[in-house]
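Here's the structure, in structure tokens; my notes come after.
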Amino acid sequence: MSADTAAHQPPPSPEEGLVIRIDSKRCHVEIGDKVLLLSPRGKLFAGKGRIKNPIAVGDRVRVTLDGEGGGSIEEVLPRHSRLARASAGEGKMLQVLVANLDQALVVSSIEEPEFRPHLVDRILAGCEHEDIGAIIVINKVDLGQGCLADERVQKWKTFYEKLGYEVLAVSAETGLGVDVLHDDLADKLTVFCGLSGVGKSSLLNAIQPGLALAVGEVSEKWKEGRHTTTHSSLLRLDNGGHVVDTPGIRNFGLFGLEPREIAPLFVELRPYLSQCRFQDCLHTHEPRCAVKQALEKGDLTQQRYDSYLELLADAEKGRL
Ligand code: GDP
Ligand code: ZN
């Protein structure tokens, strides 16, 4: 557009967009099929209390465009969910990692690295806390075909399905199950979480070739349990979905929780919680505890109960 036609342009019109990435000062905002670099208005930073970042990836924003590819973010629209954590540094500030999440993909592999049910349980608890859907993905099933690992896939699939979760057994390598996964991501904002090395980047590339995430070697890194991924931008899929990789999975969705808030995050415990003798029962040693009784009868599993105890201990030590 040349300078002399600019005067005839209509005034800037308010529009809505989706924040897909944030640099130090500006946001990358997806509007239709364009991505514009826009600056948030200063007023957005006023009076936010404990929230460190008033705009996060996943936020829907109202913008004014200057007609020349630039413009401002006027307002952050109300969020229906958010994934937060305590920000590093002084004071207990809340850092919103992703806004408006619809679901989490809890990605594990059956081997290399081995399936870790306690970590899965922990992330599921985080999803329950944030009220976002969860899909359990067991990747690398090609490694186990026809042998013991294959039985383990079936075992864990049944185990989590019984709790009511959707479980997909997939292979980024052979493409098995990738089409179903692709469909599950349509029109939703999904966070991929899981340890380094389980195949998150490979799955993304299998879903949509060229999604251009560096696929790391299975190195020693997963053995040490480190997680190195720190991406925080939304990737757009051809089916209208968006995905994001999350940094920090150990306390995924678990922030500022009191011990008594832990049990309801384990879906199968819920029906028992009102039946304990003591209202403030933590289901560890208390007499006439309905949870312990159900556990003894075999109506609850030891594995999930152990995951509960692990999370409870963290809450008691103020680690959540
Ligand atoms: P991320 O850290 O979770 O993103 O994991 P990557 O996608 O970087 O994958 C880690 C390693 O596992 C790479 O060497 C991949 O080639 C390998 N890998 C990923 N998916 C599969 C799979 O389905 N089967 C097999 N055999 N290897 C896989
Ligand atoms: Zn109890």
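The values are calculated or read from the model by the stated rules, or taken from the named source; none is laboratory data. In this text the structure is predicted, and so the values were computed from the model without any measurement. Here the Cβ positions follow ideal geometry from the backbone for every residue, glycine too, while neighbour counts run over all protein chains shown. Only protein heavy atoms, including side chains, enter the accessible area calculation; ligands, DNA and RNA are left aside. Shrake-Rupley method; radii C 1.70, N 1.55, O 1.52, S 1.80 Å.
Brief remarks follow.
- The conditions of being more than 30 Å from GLY298 (Cα to Cα), within 16 Å of ligand 1 (Cβ to nearest atom) and at pLDDT 90 or above are met by LYS140.
- Counting only residues that are on the phi < 0 side of the Ramachandran plot, more than 10 Å from ligand 1 (Cβ to nearest atom) and open to solvent by 40 Å² or more (accessible area, probe 1.4 Å), segment 171-197 holds 5 of them.
- Failed item in (1) near ligand 2 (Cβ under 9 Å from one of its atoms); (2) surrounded by fewer than 19 Cβ atoms within 10 Å (Cβ to Cβ), with ARG319 passing the rest: (1)
- Residue within segment 262-279 that is loosely packed, with under 14 Cβ neighbours inside 10 Å, under 20 Å from the mean Cα position of the chain (by Cα) and either assigned to a helix (DSSP H, G or I) or not assigned by TED's automatic domain parsing to the domain that holds GLY210 (or both) present: yes
- Matching residues, segment 72-103, being loosely packed, with under 15 Cβ neighbours inside 10 Å and at pLDDT below 80: ALA88, GLY89, GLU90, GLY91, LYS92
- Checked against (1) aliphatic (A, V, I, L, M); (2) farther than 14 Å from LEU105 by Cα; (3) at pLDDT 95 or above; (4) surrounded by 17 or more Cβ atoms within 10 Å (Cβ to Cβ), LEU163 passes all but a single condition, namely (4).
- Residue in segment 248-259 that is hydrophobic (A, V, I, L, M, F, W, C), without any contact (Cβ under 8 Å) to a residue 12 or more places away in the chain and more than 16 Å from ligand 1 (Cβ to nearest atom) present: no
- Entirely in segment 14-126, the strands (runs of 3 or more DSSP E) that have 1 or more residues that are polar (S, T, N, Q): 34-40, 60-65, 71-76, 94-99, 103-109
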